[in-house]
1. Could you tell me the convex hull volume per residue, in Å³, taken over the Cα atoms of the stretch 94-213?
2. Based on the Cβ-Cβ distance of residue 221 and residue 110, what FRET efficiency does E = 1/(1 + (r/R0)^6) give at R0 = 30 Å, to the nearest 0.05?
3. Based on DSSP H assignment, which helices of the chain show an axial Cα extent of at least 27 Å together with a mean Kyte-Doolittle hydropathy greater than or equal to 0.5?
4. Provide 126, 214 in ascending order of the number of other Cβ atoms located within 10 Å of each residue's Cβ, fewest first.
5. For residue 171 and residue 51, what does the FRET efficiency come to when R0 = 22 Å and r is the distance between their Cβ atoms, rounded to the nearest 0.05?
6. Work out, step by step, the length gained on full extension between residue 203 and residue 128: first 0.36 nm times the residue separation, then minus their alpha carbon distance; give nm to one decimal.
7. Expressed in nm to one decimal, what extension gain is obtained for the pair residue 5 and residue 150 from 0.36 nm per residue of sequence separation less their Cα-Cα distance?
8. In Å, what is the Rg of the alpha-carbon atoms in the stretch 2-229, and how long is Dmax?
Amino acid sequence: MKKLIAEFIGTAVLVTLGCGTAMLVGCDAVNGGGYILTALAFGLVIVGMAYCVGNISGCHINPAVSLGVLMNGGMSVKDFAGYVVAQCLGALAGAGLLAAIFTSGKVTDMTGGFGSNGLAGVNDSIVAGLLVEIVLTFIFVMTILGVTSKKAGHGSFGGLIIGLTLTLVHILGIGLTGTSVNPARSIGPAIVAAISGNSAPIACVWVFIVGPFIGAALAALVYKFLEKEA
């Protein structure tokens with residue numbers, strides 16, 4: 001139960017600070033600085049949470065990461081299911097908190113949808129959106145599996161490496177899909193946006209569930225192959 005609580009808290013913090021930053025600074029091509037700030041926000045949350053709850057739950061705070069760990073033999077199917085539920089609930093709580101802050105505080109949401117993901121950057125192309133999410137998630141999960149491997153020996157620097165990698169994939173992905181690489185992070189804001197009257201994010205949220213899961217599965221398969229050959 002403590003692991004699930006840790007995953008809930010970590011994912012809630014990720015959505016609150018990551019999506020909250022995007023809502024404040026905006027993520028359009030004109031204001032490129034918003035890309036960097038949002039990318040750093042997501043990456044720094046991972047760094048902070050890795051050293052906060054990493055020793056409790058492993059700090060997955062992402063169903064795609066949990067799938068990669070499951071396929072790599074690092075957790076049971078039962079634990080995987082519990083992690084995913086906790087992560088999705090945490091993301092929903094984080095998005096709900098943002099709704100309360102931005103609504104009651106009358107602060108403008110520069111993203112128009114609680115920092116939710118979309119396909120505008122790829123001209124509404126589902127294929128391009130899926131490809132972006134598959135590739136970026138593959139890179140992110142491969143890094144996590146490599147850093148957390150017993151052979152890696154990165155020690156206390158693991159959280160920093162993973163956080164910087166998330167920052168990197170966000171720098172490219174924000175202008176294309178808003179960068180999900182995390183189904184829970186996409187589900188929470190999309191649901192809250194739909195409740196608030198903006199149904200656009202929920203209509204394409206499946207792309208940000210399927211894409212990251214495919215990318216994570218491919219990363220797990222490739223990493224297992226490479227590790228055996230090492």
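1. Cα-based convex hull of the stretch 94-213, divided per residue, equals 108 Å³.
2. My answer for the efficiency is 0.20.
3. Correct list, ordered by number: 32-57, 77-104, 126-147, 207-229.
4. Starting with the residue having the fewest Cβ neighbours, the order is 126, 214.
5. 0.45
6. 25.4 nm
7. Here the segment from residue 5 to residue 150 would lengthen by 49.6 nm.
8. 16.3, 56
No value in this document is a laboratory result; all are computed from the given coordinates. Everything quoted here is computed from the prediction, not taken from an experiment. Neighbour counts are summed over all protein chains in view; Cβ atoms, including those assigned to glycine, are modelled from backbone coordinates with ideal geometry.
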